[in-house]
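Beneath this line is the structure, given in structure tokens, with notes to follow.
What follows draws every value from the coordinates through simple rules; no lab data is involved. All values reported here derive from a predicted model rather than from experimental measurement. Cβ coordinates were reconstructed from backbone atoms using ideal geometry, including for glycine residues, and neighbour counts include every protein chain displayed.
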Amino acid sequence: MAEKQYVIDAMTVQDSWRLFKIIAEFVDGFQTLSDIYPAVSIFGSARVKPGDPVYEKTVEIARKLAQNGFHILTGGGPGVMEAGNKGAREGGGRSVGLNIKLPLEQEPNPYQNVRLDFQYFFVRKVMFIKYAQAYVGMPGGFGTMDEIFEALTLIQTRRIKPFPVILVGKEYFHGLLEWVKNTLLSHNAISREDLEFLTLLDDPDEVVYTIKKYVIV
């Protein structure tokens, strides 16, 4: 019994110290990103390489956004994240990498001129949503879907003000959007108005135009 209580007490102490680490990450993020406005968070696969059409389109979108006065937030790693940071640098914008510490180390890309490192995913998520005036989802996996649908949930539940949530790649995302319409909507799991929160595009200029319609630079 005494041994069990010792374990519980030790866990309580660990959790208390963990709170300080969490608060420190929030403070560091808030202080570093306080002057990042306006900004666009870009998400997508870490597995695409330079030369891949998705990579090159991401560079183009980020570059054009930066040329139009937007800073770019990415996860700081390879693939689409690297492409977003590269485009931001080329366009003269702030190129922000919100890196995450993982068991399999994520290698930070070399195009960040503002870099933050996080241990906690949920703190990092707050930074993406707090400092972005739009989300752009390029073709990606679970992480991309997680970020996009979390933004949609927060908008739907009015926890944040609506902002553009754009998926780029009509061929890639067509099946997902059809499932949302034909399954979620038909089962009354969402309302028809909720579909307006999401925009599906292909052309980089249309992405920039759509964001500029809603965001004052």
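Largest first and in whole Å, what are the equivalent-ellipsoid semi-axes of the chain based on the Cα gyration tensor, each being the root of 5 times an eigenvalue?
Working: eigenvalues 193, 106, 56 Å².
Sorted largest first and rounded, they come to 31, 23, 17 Å.
Sort MET81, MET138 so that the residue with the fewest other Cβ atoms within 10 Å of its own Cβ comes first and the one with the most comes last. Display every interim value, and only then the final one.
Values: MET81 31, MET138 26.
Ranking MET81, MET138 by Cβ neighbours within 10 Å, fewest first, gives MET138, MET81.
Can you tell me the relative contact order of the chain? Whole percent, Cα pairs under 8 Å, sequence separation 6 or more. Before the final figure, lay out each step's value.
Working: 372 pairs, mean separation 41.3, N = 217.
This gives 19 percent for the chain.
Over region 51-124, what is the relative contact order in percent, taking alpha-carbon pairs closer than 8 angstrom and at least six residues apart?
On the way: 161 pairs, mean separation 21.1, N = 74.
Here the relative contact order equals 28 percent.
Can you give the local net charge around LEU195? Use residues other than it whose beta-carbon is closer than 13 angstrom to its beta-carbon, Lys and Arg +1, Asp and Glu -1.
Working: positive: LYS181, ARG192; negative: GLU178, GLU193, ASP194, GLU196.
Here the count lands on -2.
May I ask which residue of PRO78, SER186, PHE149 lies farthest towards the positive end of the charge dipole of region 69-217, with charges of +1 (Lys, Arg) and -1 (Asp, Glu) on Cβ and the Cα centre as origin?
Of the candidates, PHE149 comes out farthest on the positive side.
Test of understanding: what is the full-extension gain from THR153 to LEU200, defined as 0.36 nm times their sequence separation minus their Cα-Cα distance? Don't skip to the end; give the middle numbers.
Values: separation 47, 0.36 × 47 = 16.92 nm, distance 1.73 nm.
The THR153-LEU200 span can extend by a further 15.2 nm.
Sticking with the crude label model, points 7 Å out along Cα→Cβ, report the distance from GLN31 to ARG115 in nm, one decimal please.
The answer from the label model is 1.9 nm.
Could you calculate the FRET efficiency of ILE160 with LEU184 from 1/(1 + (r/R0)^6), where r is the beta carbon distance between them and R0 is 25 Å, rounded to 0.05?
Taking R0 as 25 Å, the efficiency between ILE160 and LEU184 is 0.75.
Taking the Cβ of each residue in GLU196, GLU60 as the centre, tally the other Cβ atoms inside 10 Å and list the residues starting with the fewest.
Numbers: GLU196 10, GLU60 19.
Listed from fewest to most nearby Cβ atoms, that is GLU196, GLU60.
Would you order THR157, THR199, THR144 from fewest to most other beta-carbon atoms within 10 Å of each residue's own beta-carbon?
Values: THR157 8, THR199 17, THR144 20.
So the ranking, lowest neighbour count to highest, is THR157, THR199, THR144.
Hydropathy at least -0.5 by Kyte-Doolittle, axial extent at least 27 angstrom from the Cα trace: which helices of the chain, defined as entire DSSP H runs, fit?
Details: long enough: 2-33 (47 Å, 0.13).
Span-like helices here: 2-33.
Which pairs in the list LYS101/LYS181; LYS21/LYS49; LYS21/LYS57; LYS49/LYS130; LYS57/LYS130; LYS21/LYS170 are over 31 Å apart, alpha-carbon to alpha-carbon? Let's see the in-between values first.
On the way: LYS101/LYS181 36 Å; LYS21/LYS49 34 Å; LYS21/LYS57 37 Å; LYS49/LYS130 29 Å; LYS57/LYS130 25 Å; LYS21/LYS170 41 Å.
The pairs that break the limit, which is 31 Å between Cα atoms, are LYS101/LYS181; LYS21/LYS49; LYS21/LYS57; LYS21/LYS170.
Which is farthest toward the positive dipole end of region 2-214 among GLY175, TYR120, ILE36, measuring Cα position about the Cα centre, with Cβ charges +1 (Lys, Arg) and -1 (Asp, Glu)?
Farthest along the dipole direction, towards plus: ILE36.
Compute, for region 2-214, the length of the dipole vector about the Cα centre, with Cβ point charges of +1 (Lys, Arg) and -1 (Asp, Glu) only. Units Debye, rounded to 20. Spell out each step's value before the answer.
Numbers: 24 positive and 26 negative charges, 81 e Å.
Dipole of region 2-214, to the nearest 20 debye: 400 debye.
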